[in-house]
Amino acid sequence: MPKLTFKNPQGKGSAGPLVIDAKKGISILEIAEECGARVGHACGGNLACSTCHVYVDEGLDSLPEVSDKENDCMDKAFDVRPESRLGCQCKLADEDVVVEISEESLRAWLDENPDERKKIAAAKAAGPSDQPQRH
Ligand code: FES
């Protein structure tokens, strides 16, 4: 059973990595949706956007080959790197995989979940609650 690690499951300020025991043959996007990692998916995993863009830090060679259509979608993506993949196209094999969610994908997830965006804005406005008080 491969493990999938999201290094930044909630974006900036994520509390450590999130490690999931995954099933072989399930995509990174499907796993993200199940565990709550913030991978955007504007087209619903139909290879028509680039909002599920992730960086594969480990296990890249174990993933399926990049198709021509995925390459075309990547042309629309921001900050593309050699380890860039679309999460909806990456079905896990036997190897463990470690990914970082791209800024583009994190932003898309917040666009798709406006209530969460409001909560984050409210928390920022309230300021840090665990700061020591000065006297
Ligand atoms: S969700 Fe649109 S290409 Fe992956």
Exercise for review: Taking the residues in the stretch 42-68 that are within 13 Å of the ligand (Cβ to nearest atom) and of a type in the set (S, T, N, Q) as candidates, determine which candidate is most open to solvent (accessible area, probe 1.4 Å).
Suggested key: 46
Check your understanding: Among the residues of the stretch 72-108, which ones are open to solvent by 30 Å² or more (accessible area, probe 1.4 Å), part of a helix (DSSP H, G or I) and more than 12 Å from the ligand (Cβ to nearest atom)?
Key -> 103, 107
Practice item. Restricting attention to the stretch 1-41, report how many residues are of a type in the set (Gly, Ala, Ser) and crowded, with 16+ Cβ neighbours inside 10 Å. Key: 7
Review point. Are any of the residues in the stretch 122-134 among the hydroxyl-bearing types (Ser, Thr, Tyr) and within 17 Å of residue 42 (Cβ to Cβ)?
Key: no
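The values are calculated or read from the model by the stated rules, or taken from the named source; none is laboratory data. All values reported here derive from a predicted model rather than from experimental measurement. Cβ coordinates were reconstructed from backbone atoms using ideal geometry, including for glycine residues, and neighbour counts include every protein chain displayed. Areas reflect the complete protein model, heavy atoms only, side chains present, ligands, DNA and RNA absent. Shrake-Rupley method; radii C 1.70, N 1.55, O 1.52, S 1.80 Å.
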